[in-house]
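See structure below.
No value in this document is a laboratory result; all are computed from the given coordinates. Just so it is clear, the model here is predicted, and its values are computed rather than measured. Reconstructed Cβ throughout: ideal geometry from the backbone, glycine too, with neighbour counts over all protein chains shown.
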Amino acid sequence: MKKLLCAALLACSPILFLNPTSANPVQFAQQVKPVELTELSFKSIIKTFYADTNRLRKVHLNPDVMKKGDEYAGVKLSKGWGLFAPKQNEGGVIQWGGMVQYKSISGEPRYLVVMDTSVIQEGEFADGHPIGSQLEFYSFRKLANHHYQLVTRSHPDIEPRGSWGSANWDATEFKKHLQSFGKNVLGSYGKDSYTSTGETESSWWVLLLPENDYIDFYKVADAAGDNEGNIDQTSSEYYNYDSTFKITANGQAYYPIQIHYTGTMPNDDFSKISKVNKTQTFIFNLSKAKYVLKKQD
């Protein structure tokens, strides 16, 4: 059974890509303190990054959420102690999301620890459609003394993402799409989908792992969409489009991303449906810390 510990989590939307900080290496260096651990485990990560006594509160969790016998660092979780943010009546349960080994841009081994916080409401795991979970990342290098030194991490206020109570983290997909997103920036990408009232929409996102700034998710562009759940395919109002994702390495700090769309696609106000076969290029705006559509020359 996964070891659990409680932590604060704000209410979240199905697909959320708000970045709490701009890309600022100087600020990052000032805010992130040096950390060296003897091991990478749930216990060591919690003690190092979450054991803030100002957030330690006694909370209520139903027996099926926190069962007797589960414990962390000698504290019986059945006592109801957890890490909670001030002014928050609700919280969440932090779970060990696993560790992924990968290589940095320079080919050095890295160890990415993932922590996943699920929402708790009224003592139960919340699994409603608009509720996701909060993923937090910590990347380490291994030293000659076999200790682990923190290289980079996600921002403490990284936004929740996903739906049905889960962020849908997939380590296999992360490694499958891991590649250079800039001259000195490693990252991965994926697609999130959301369905409501017969309509489905999805977005391309990237997870950037710079080693001089915070790890963070960024939305790139719409990925696909359709309304086949409530519109007949013979109707003039029916649409169904998809896209492909391609990175163009051009030697810049952040590489442009090309999204190629095909199918039938609505315009911005959904007043017109048209066939599409087009490519749009998105570039990373460093000052705004987000991907923006490149203007046509």
- Message: Loop-only trypsin sites (Lys or Arg not before Pro) in segment 189-297, please: DSSP not H, G, I, E or B, and at most 14 other Cβ atoms within 10 Å.
- Response: LYS272, LYS288, LYS294, LYS295
- Message: Could you give the length gained by full extension between LYS43 and LEU286, i.e. 0.36 nm per residue of separation minus their alpha carbon distance, to one decimal place?
- Response: 83.9 nm
- Measure off 7 Å from each Cα along the Cα-to-Cβ vector at HIS146 and SER104, then give the distance between these two points in nanometres to one decimal. 2.2
- Distance (nanometres) between label positions extended 7 Å along Cα→Cβ at THR234 and HIS260: 3.3
- Sites LYS295 and ASN212, calculated FRET efficiency, Cβ-Cβ separation with R0 30 Å, nearest 0.05: 0.60
- Label-point separation, ALA171 to ASN184 (7 Å along Cα→Cβ), nm: 2.9
